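Engineer: Take a look at this one; I'll ask things after.
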Amino acid sequence: METPLFTYTLRLADNALILGHRLSEWVGHAPVPEEDLALANMGLDLIGQARALYTYAGEVEGRGRDEDALAYLREVGGYRNVLLVEQPNGDFAHTIVRQLLFAAFAHPFFEALARAQDATLAAVAAKAVKELAYHLRHSAEWTIRLGDGTPESHRRTQTALDDLWAFTGELFETDQVERALIDRGIAVDPAALRTRFERRLDEVLAEATLARPAGGFTQSGGRAGRHSEHLGYILSELQYLQRAYPGAKW
Amino acid sequence: MYTQALNVKDTALPAADPQREARFQARIDAEEKIEPNDWMPDGYRQTLVRQIAQHAHSEIVGMHPEGNWITRAPSLKRKVALLAKVQDEGGHGLYLYSAAETLGVSREELVEQLLDGRQKYSSIFNYPTMTWADVGVIGWLVDGAAIMNQIPLCRCSFGPYARAMIRICKEESFHQRQGYEIMVALCRDGTPAQKAMAQDALNRWWWPVLMMFGPSDQDSQHTDKSMRWKIKRFTNDELRRKFVDATVPQGRYLGLTFPDPDLKFDETTGHWAFGAIDWSEFRRVVSGDGPCNRQRLRQRKRAHERGAWVRAAVLAHAAKRRAREQAAAGVAAE
Ligand SMILES: [Fe+2]
Ligand SMILES: [Fe+2]
């Protein structure tokens, strides 16, 4: 039986790993070499967060699973990340908008988590908040450049926003697992962050001359293990060597 | 090597200026650093542009073979290390393009010359990374060979290149240790299957790595002049021999066999003697028919072409910004 703290930590770790993995797919293929470096940087931040969180999740669980057991030996249904982070890189505009949406949520989220009751999560969050501040700044600057650039870059960026918008609702959902932890001051209530998220986003979109999509249906389920088709492909690459050589150390 | 450009013939040079050249040579002989604004012979400038550009291109193209394993790295620790390593190589590329720009060429021109095939990158990156062990072997041997070549370049007569090399060499030696550590995990602490993977990688990479140092001295066209200008301090064969001497004991510690039946320690010279290099393979790969030449160039071209709309957006946005600032300044002035 999973404890709420284990599940909560795993969700945060999975978000970080899967988004970090996605960003790492860009390296060598970015539109300018400076972006190879920047995307790698953000990927490194996120995978670093994932490692700390997996290690903690393993301790909380107490069954001897380390970061690699959790990252490499769970099936698709065992992964608890939000659907947003597993969405394909698409063109550069999709990657930048995905990063903007995630960071505009995660930055205030980690700020709040850094003040929460669990010392380990708070310590991870205190480091992550600085990293996410950079992710937010970087993706906001690019969104503005692309949105207010050429007609083509504007169209691509608006399309990315329209495509990805449906995945933002899941960021603010809570379930029973989280409710118990929120009541004890361990978890952050994401609903309380929504105004800040929207305000920050609206500032960026206004400068980028982009339109925030109207409401619409929210795609969710990732946090409960119901994923898109994309995650299976991510995991089959990510986990390939651990699956092909069971028990080997690398 | 990353600097195999040194082995290509110069194009015609303008008339010489013997007095200035003598003064220039005297400065070099006195181990003074030449800086971008100093007078220099055209041949010196050409050689450096070609060498630094090729070095930069090698760093950038070199992201591909190892980048190929980032998403499949076998542990989170290895994934982070590899991602950071490939990122370092990209950083080296940018840093070297800046060093080349001090000689009056733009990065855009150089990239164009890479993409249309006028400039080369190190041929070692035209070999495929088939298994995870290739990542270990590249760090151990390819970064190892690069260091062997680049340590002397830290004393290169051209200041910006020498300074770039000092910084880059520190990171390359970190990469080399990291690669060797992957090999130790596979060979000394690994399963028989992992060790076999490592042996197979060494078998495929050993000879191409030896070729990285370039043609043997009697066939190298540029060594004399580059040595006189102190761009190059050791000949290809000297560097190759140093590399073999340093590497063979490391391979033996791993319990690996080098794919060279003639490799043996020569008591009289104190060096490892090795078999004949197949220079026809080297020439074939340099001239475009290696296993991945077309693939690597296509990867670079595709990234460049797919980035075109992004670069256009950056320019358009900057122009809009400037126009708005000027309009605002105009209003303020009235
Ligand atoms: Fe490098
Ligand atoms: Fe390197």
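The values are calculated or read from the model by the stated rules, or taken from the named source; none is laboratory data. The model shown is predicted, which means the values in this text are computed figures rather than measured ones. Because the Cβ atoms are built from the backbone with ideal geometry, glycine has one as well, and the counts that use them run over all protein chains shown.
Engineer: Could you check how many residues of region B:156-209 are of a type outside the set (A, V, I, L, M, F, W, C) and within 13 Å of ligand 1 (Cβ to nearest atom)? If you could, list the steps in order and put the result at the bottom.
Structural biologist: Step one: filter region B:156-209 for residues of a type outside the set (A, V, I, L, M, F, W, C), giving B:157, B:159-161, B:163, B:167, B:170-173, B:175-181, B:188-192, B:194-195, B:199-200, B:203-204, B:208.
Those still in the list that are within 13 Å of ligand 1 (Cβ to nearest atom) too: B:167, B:170-173, B:175-176, B:178-179.
Going through region B:156-209 one residue at a time, the tally reaches 9.
Engineer: Tally the residues that are within 14 Å of chain A (Cβ to nearest Cβ) and either under 15 Å from residue B:213 (Cα atoms) or in a loop (DSSP other than H, G, I, E, B) (or both), restricting the search to region B:118-137.
Structural biologist: Going residue by residue through region B:118-137, those that are within 14 Å of chain A (Cβ to nearest Cβ) are B:121, B:125, B:129-136.
Cutting the leftovers down to either under 15 Å from residue B:213 (Cα atoms) or in a loop (DSSP other than H, G, I, E, B) (or both) gives us B:121, B:125, B:129-131.
So the count comes out to 5.
Engineer: Looking at B:153, B:141, which is the one that is within 16 Å of ligand 1 (Cβ to nearest atom) and farther than 21 Å from residue B:91 by Cβ? I'd like the intermediate steps shown before the answer.
Structural biologist: Values: B:153 fails: farther than 21 Å from residue B:91 by Cβ.
Of the residues listed, the single one that is within 16 Å of ligand 1 (Cβ to nearest atom) and farther than 21 Å from residue B:91 by Cβ is B:141.
Engineer: A further question on this structure: Does residue B:165 qualify as being in contact (Cβ under 8 Å) with a residue 24 or more places away in the chain, more than 14 Å from chain A (Cβ to nearest Cβ), within 16 Å of ligand 2 (Cβ to nearest atom) and touching a Lys or Arg at 6+ places or on another chain (Cβ under 9 Å)?
Structural biologist: So residue B:165 fails the test.
Engineer: Name the single residue, out of those in region B:61-71 being touching a helix residue (DSSP H, G or I) at 6+ places or on another chain (Cβ under 6 Å) and touching a residue at least 40 places away in the same chain (Cβ under 8 Å), that is nearest to ligand 1 (Cβ to nearest atom).
Structural biologist: The selected residue is B:62.
Engineer: Okay, next question. Quick test of your reading of the structure: residue B:75 fulfils all but one of (1) out of contact with any Asp or Glu (no Cβ under 7 Å at 6 or more places or on another chain); (2) more than 13 Å from ligand 1 (Cβ to nearest atom); (3) within 10 Å of chain A (Cβ to nearest Cβ). Name the failing condition by number.
Structural biologist: (1)
Engineer: When the residues of region B:61-85 are narrowed to those that are within 12 Å of ligand 2 (Cβ to nearest atom) and either part of a loop (DSSP other than H, G, I, E, B) or of a type outside the set (Gly, Ala, Ser) (or both), which ends up farthest from residue B:286 (Cα to Cα)?
Structural biologist: It comes out as B:82.
Engineer: Could you give me the residue pairs with C-beta distances under 8 Å whose first residue belongs to region B:25-50 and is closer than 21 Å to residue B:107 by Cβ, whose second residue is among the hydroxyl-bearing types (Ser, Thr, Tyr) wherever it lies, and which are 6+ apart or on separate chains?
Structural biologist: B:36/B:102; B:46/B:11; B:47/B:226; B:48/B:161
Engineer: Scanning for something hydrophobic (A, V, I, L, M, F, W, C) and touching a Gly at 6+ places or on another chain (Cβ under 6 Å), does region B:119-134 turn up at least one residue?
Structural biologist: Yes, that holds for at least one residue.
Engineer: For region B:86-117, name all the residues that are among the hydrophobic types (A, V, I, L, M, F, W, C) and within 16 Å of ligand 2 (Cβ to nearest atom).
Structural biologist: B:86, B:94, B:96
Engineer: Hey, another quick one. Do we have residue B:171 as of a type in the set (Asp, Glu), under 20 Å from residue A:27 (Cα atoms) and within 14 Å of chain A (Cβ to nearest Cβ) here?
Structural biologist: So residue B:171 passes the test.
Engineer: Hey, can you tell me all the residues within region B:88-116 that are of a type in the set (Val, Ile, Thr) and not in a helix (DSSP H, G or I)?
Structural biologist: B:102, B:105 - these are the residues of region B:88-116 that are of a type in the set (Val, Ile, Thr) and not in a helix (DSSP H, G or I).
Engineer: Same structure again: Checking the condition among the acidic types (Asp, Glu) and more than 26 Å from residue B:71 (Cα to Cα), which residue from A:75, A:131, A:111 passes?
Structural biologist: A:111
Engineer: Here's something else I'd like to know. Hey, among the residues in region B:139-173 that are buried (at least 20 other Cβ atoms within 10 Å of the Cβ) and touching an Asp or Glu at 6+ places or on another chain (Cβ under 6 Å), which one's farthest from residue B:248 (Cα to Cα)?
Structural biologist: Top of the filtered list is B:172.
Engineer: Filter region A:60-90 down to residues that are outside any loop (DSSP other than H, G, I, E, B) and without any contact (Cβ under 8 Å) to a residue 24 or more places away in the chain, then give me how many there are.
Structural biologist: Total meeting the criteria: 2.
Engineer: While we're here: Tally up the residues in region A:141-152 that are under 24 Å from the mean Cα position of the chain (by Cα) and either modelled with pLDDT under 95 or over 22 Å from residue A:86 (Cβ atoms) (or both), please.
Structural biologist: Adding up the residues that qualify gives 5.
Engineer: Which of the residues spanning region A:22-40 are in contact (Cβ under 8 Å) with a residue 60 or more places away in the chain and either over 17 Å from residue B:59 (Cβ atoms) or within 19 Å of the chain's Cα centre (by Cα) (or both)?
Structural biologist: Result: A:22, A:23, A:25, A:26, A:31, A:38.
Engineer: I'd like to verify a number: residues in region B:115-146 that are more than 14 Å from the chain's Cα centre (by Cα) and either of a type in the set (Asp, Glu) or more than 30 Å from residue B:252 (Cβ to Cβ) (or both), how many?
Structural biologist: Going through region B:115-146 one residue at a time, the tally reaches 5.
Engineer: Right, another one. Answer yes or no as to whether residue B:181 is within 15 Å of ligand 2 (Cβ to nearest atom), touching a Lys or Arg at 6+ places or on another chain (Cβ under 9 Å) and on the phi < 0 side of the Ramachandran plot.
Structural biologist: Working: within 15 Å of ligand 2 (Cβ to nearest atom): yes; touching a Lys or Arg at 6+ places or on another chain (Cβ under 9 Å): no; on the phi < 0 side of the Ramachandran plot: yes.
So residue B:181 does not fit the description; no.
Engineer: Which numbered condition in (1) surrounded by fewer than 17 Cβ atoms within 10 Å (Cβ to Cβ); (2) away from chain A (no Cβ under 14 Å) is the only one that residue B:176 fails?
Structural biologist: (1)
Engineer: Take the residues in region B:92-103 that are touching a residue at least 60 places away in the same chain (Cβ under 8 Å) and of a type outside the set (Ser, Thr, Tyr), then tell me which one is farthest from ligand 1 (Cβ to nearest atom).
Structural biologist: B:103
Engineer: Hey, another quick one. What are the pairs with Cβ atoms under 6 angstrom where one residue, in region B:72-91, is of a type in the set (Ser, Thr, Tyr) and the other, located anywhere, is away from ligand 1 (no atom under 12 Å from the Cβ)? Sequence gap at least six, or different chains.
Structural biologist: From region B:72-91, the pairs are B:75/A:68; B:75/A:250.
Engineer: State whether the residues of region A:105-115 include one that is more than 14 Å from chain B (Cβ to nearest Cβ), in a helix (DSSP H, G or I), over 13 Å from the mean Cα position of the chain (by Cα) and free of Cβ contacts under 8 Å to residues at least 40 places away in the same chain.
Structural biologist: Within region A:105-115 (the criterion being more than 14 Å from chain B (Cβ to nearest Cβ), in a helix (DSSP H, G or I), over 13 Å from the mean Cα position of the chain (by Cα) and free of Cβ contacts under 8 Å to residues at least 40 places away in the same chain), the answer is yes, since at least one residue qualifies.
Engineer: Please go through region A:139-184 and give me each residue that is over 30 Å from residue A:2 (Cα atoms) and more than 14 Å from chain B (Cβ to nearest Cβ), ordered by number.
Structural biologist: Going residue by residue through region A:139-184, those that are over 30 Å from residue A:2 (Cα atoms) are A:139-165.
Scanning region A:139-184 gives A:161, A:162, A:163, A:164, A:165.
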